[in-house]
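A short worksheet on the structure shown next.
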Amino acid sequence: YSSALTTSSPKYARSGGTVALHYYQAIEMIPYANGSFTFRSYTPGNKDMYGYLYKDSFNPFNVTKNLIISNDDGGGNFQFLIKAYLQSNNKYILIVTTFGSNVITSYSVNISGPGNNITVNLINVAILTTTTQSMLTIFVL
């Protein structure tokens, strides 16, 4: 999955913060097989990325609610690496952001898991409403 954090991306305050300083994108995923999935970010110039995985929903005003796991540099070269067991036909939200504030960058996320597929939607999270902007089905190995 490839996209970019831009000045048009929404911002939020990470856990412990009070000011919305971090651009983010919310990626909704529904796996079609139970199993262990891995999510690793890649950026040009190795910008310092941060990933958060949520179950069911993400609320930018309550960032700890539904949080499963987060990672900063587990993938090496300032990239996040998230490993989690996901259940089929459940909704998960991957938040892609940066460690530093007000950073814009293109990025990609490599998703690997069971030999089935996972549906991925880029969503716009705004004051408790969700709108699907684009949809892509990724076949994982």
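The values are calculated or read from the model by the stated rules, or taken from the named source; none is laboratory data. Fair warning: this is a prediction, and the values are worked out from it, not measured in the lab. Virtual Cβ from ideal backbone geometry, glycine too; neighbours counted across all protein chains shown. Note: areas computed on protein heavy atoms with side chains; ligands, DNA, RNA excluded. Shrake-Rupley method; radii C 1.70, N 1.55, O 1.52, S 1.80 Å.
Would you list the P(r) distribution for the stretch 8-49, with all Cα-Cα distances sorted into 10 Å bins from 0 and each bin expressed as a whole %?
With 10 Å bins starting at 0, P(r) equals 19, 37, 33, 11.
Show Y32, Y85, Y12 ordered by accessible area, largest first, where the area counts protein heavy atoms only and the probe is 1.4 Å.
Values: Y32 100, Y85 140, Y12 5 Å².
Descending order: Y85, Y32, Y12.
Would you mind checking the radius of gyration and Dmax of the chain based on alpha-carbon positions, in Å?
So, for the chain, Rg and Dmax equal 13.9, 41 Å respectively.
Can you list the lysines whose alpha carbon sits under 24 Å from that of K47, skipping same-chain ones fewer than 8 residues off?
K11, K83
List the aspartates and glutamates whose Cα sits under 16 Å from the Cα of K55, skipping any in the same chain fewer than 8 residues away.
Qualifying aspartates and glutamates at Cα under 16 Å: E28.
Could you put F39, F78 in order of accessible surface area, largest first, with the 1.4 Å probe and the full protein assembly present?
On the way: F39 0, F78 115 Å².
Largest accessible area first, the list is F78, F39.
Which one of L67, A4, F78 has its Cα pushed farthest toward the positive end of the charge dipole of the chain, where Lys and Arg give +1 and Asp and Glu give -1 at the Cβ?
The one lying farthest along the dipole's positive direction is L67.
Need one number: nm distance between label points at Y85 and S3, each 7 Å from Cα along Cα→Cβ, rounded to one decimal.
In this crude spin-label approximation the distance works out to 2.8 nm.
With a probe of 1.4 Å, find how much accessible area the stretch 1-107 has per residue, and write the answer as a whole number in Å².
The answer is 46 Å² per residue.
Determine the gain in length on full extension of the stretch N66-Y42; use 0.36 nm per residue of separation and subtract their C-alpha separation, reporting nm with one decimal. Numbers along the way, then the final one.
Working: separation 24, 0.36 × 24 = 8.64 nm, distance 2.50 nm.
Net length gain for the segment: 6.1 nm.
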